[in-house]
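Some notes on the structure that comes next.
No lab work stands behind these numbers, since they all come straight from the coordinates. Owing to the predicted nature of the structure, the values given are computational and were not obtained by experimental measurement. Note that we place each Cβ from the backbone using ideal geometry, even for glycine, and neighbour counts take in every protein chain shown.
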2 protein chains.
Amino acid sequence: MTSEAPIRAYRRLSVEERRRQLLEAALSLFAHRAPEEISLDDVAEAAGVSRPLVYRYFPGGKQQLYEAALRSAAQELEHCFAEPPQGPLTERLGRALDRYLAFVDQHDAGFSALLQGGSVVETSRTTAIVDGVRRAAAEHILDHLAARDPGPRLRMTVRMWITAVEAASLIWLDEDKQPPLDELRDSLVEQFVAVLVSTAGRDPQTEHVVRAAIALESADGAAGTLARRVLPILGDAAHLL
Amino acid sequence: MTSEAPIRAYRRLSVEERRRQLLEAALSLFAHRAPEEISLDDVAEAAGVSRPLVYRYFPGGKQQLYEAALRSAAQELEHCFAEPPQGPLTERLGRALDRYLAFVDQHDAGFSALLQGGSVVETSRTTAIVDGVRRAAAEHILDHLAARDPGPRLRMTVRMWITAVEAASLIWLDEDKQPPLDELRDSLVEQFVAVLVSTAGRDPQTEHVVRAAIALESADGAAGTLARRVLPILGDAAHLL
């Protein structure tokens, strides 16, 4: 529909470039409509190419295209949590969440359709792709925590937080993208600190991780802000000690 | 297959009793095998009745029986979080979680199949039933927090925790039901306290709720235990204040 489309259609692209172009067109369509509402004609039109060309690259049709697009989105999502292992943990996590939330923002309806399932094209393979992203995110975070051979309590805490972040993303999309992204990011980082500290109370390995992480945090960072905000509220809790 | 089955088949049951008997038989089958692996013959055999009788009660066949069983399970799950509004919040939450986790323990494979979706008989209606349970659980918890007209930050915190509890239940089933249920329950209660306190740092309504809740907690309860365990770890955090 765009005036650029016919021009793009006649550009010579390598096989890999063409494939990527089609996946990008598919992803941008999946971003705004549920997969079952999208036809290969729509993808061809969005990419400014013919329908037979789409079939040449994805002979398995829509299911194959959907899975390839999902895999490409999954790779992008997995990269979100790749972050150099330097500096305070809350800063690393904040940058990872910035990338993750930008992805959620950009792919909104497609992201919901993907995670909430129940889609016509959902199969055990697509479920496995989504689970792979969750696992990769958990591994990245455990790497940042620098826990050698992380035990079940630490792993469970990280995986619970990842699920909670997904839930927050879906709620955020559902509530017209409120609160603003930076506020959402900060509150997710703070929740991570909170649940990690909570688990540290009953797991020596997590306690070790928390102590090491605290040493790297600074007063003007996320952990400092959280500590100063929360301390006055806990002033009423002296009877618990 | 059990010796009791033929006897039960000839007992006179009211329509409602018979219906409940069939649902219970279905639920106990769904508890150990994925819905798509179960036939109406299996349900008839488990209930000790004839296949035509199952069809008389569920003329829509397996899909109808599955949805009815799911609805019955959903009602049971929703009741888990109904709890008199008295006493410390962590005790109320602990009792609700005991009931919820007992349900997870009892229905293990069926519970996973239900929540992880991807099942052949999954439809938007069954997804809506599961979402209804989540919403009901959130409403119960918000009632216990005694927040009038709960705002988006408090609601999001509660819904994120509910999703995290679901994730923990699935991980627990996946890891051969470790840790023991009472330890899992305590850690889930502690995570709730932790995320609520974290949100209180940036939301006046949640702060109000937390202050009111703390006043009802006692030193030998969950909040006291958490506070005493966590405080020494945070001793290293003086540079953040």
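Using the Cβ of B:Ala212 as centre and a radius below 13 Å, the other residues enclosed give a net charge of -1, where K and R count +1 and D and E count -1.
Our helix-only sum for chain B, with -39,500 (n - 2.57) per DSSP H run of n ≥ 4 divided by its residues, gives a mean residue ellipticity at 222 nm of -23500 deg cm²/dmol.
If the convex hull of the alpha-carbon atoms of the range A:62-211 is projected onto planes in all directions, what is the mean projected area in square nanometres? Write down the numbers at each step before the final one.
On the way: hull surface 36.5 nm².
Averaging across all directions leaves 9.1 nm² for the Cα convex hull.
Could you check the simple spin-label distance between A:Gln75 and A:Leu53, using points 7 Å along Cα→Cβ, in nm with one decimal? Calculated label separation equals 2.1 nm.
Taking one quarter of the surface of the C-alpha convex hull of the range B:144-241 gives a mean projected area of 7.6 nm².
Within the protein assembly as shown, all pairs of alpha-carbon atoms sorted by distance into 20 Å bins from zero give the percentages 21, 49, 26, 3.
Among the residues of B:162-171, the average count of other protein chain beta-carbon atoms within 10 Å of the residue beta-carbon is 5.
Could you work out the local net charge near B:Leu40, counting Lys and Arg as +1, Asp and Glu as -1, over the other residues with Cβ closer than 11 Å to its Cβ?
Values: positive: B:Arg51, B:Lys62; negative: B:Asp41, B:Asp42, B:Glu45.
Its environment carries a net charge of -1.
The modelled label-to-label distance between B:Arg95 and A:Ser218, using points 7 Å beyond Cα along the C-beta direction, is 5.0 nm.
On average, how many beta carbons from a partner chain sit within 10 Å of the beta carbon of a residue in B:191-204?
Working: counts 9, 2, 2, 9, 9, 1, 10, 14, 5, 5, 12, 9, 1, 0.
Counting Cβ atoms of other protein chains within 10 Å of each residue's Cβ and averaging gives 6.
Here the range A:50-92 is assigned +1 on the Cβ of each Lys and Arg and -1 on the Cβ of each Asp and Glu. Its dipole about the Cα centre then comes out at about 400 debye.
Sorting the segments B:129-139, A:51-61, B:68-78 by their mean number of nearby beta carbons within 10 angstrom, highest to lowest, gives B:68-78, B:129-139, A:51-61. Gain on full extension, evaluated as 0.36 nm per residue between A:Arg229 and A:Ser28 minus their Cα-Cα distance, stands at 68.3 nm.
I'd like the mean, over residues of A:205-217, of how many other protein chain beta carbons sit within 10 Å of each residue's own Cβ. Mind dumping the intermediate values first?
Details: counts 0, 1, 4, 1, 0, 5, 5, 1, 0, 8, 3, 0, 3.
So the per-residue partner count for this stretch is 2.
When the charge dipole of chain B is built from unit charges on Cβ atoms (+1 for Lys and Arg, -1 for Asp and Glu) and taken about the Cα centre, the candidate among B:Pro52, B:Thr225, B:Leu173 whose Cα reaches farthest toward its positive end is B:Pro52.
Highest mobility in the GNM of chain A, judged by mean-square fluctuation with C-alpha springs under 10 Å and restricted to A:Leu23, A:Leu93, A:Leu226, is found for A:Leu226.
Let's see if you can work this out: charge +1 on each Lys and Arg Cβ, -1 on each Asp and Glu Cβ, no other charges. What is the dipole magnitude of the range A:103-237 about its Cα centre, in debye to the nearest 20?
Details: 13 positive and 20 negative charges, 120 e Å.
About 580 debye.
Give the distance, in whole Å, between the Cα centre of the range B:130-156 and the Cα centre of the range B:17-69. With the range B:130-156 and the range B:17-69 each reduced to a Cα centre, they are spaced 33 Å.
Amide H contacts for B:Arg33 (H built 1.01 Å from N in the peptide plane; partners 5 or more residues away or on another chain; cut-off under 5 Å): B:Gly110.
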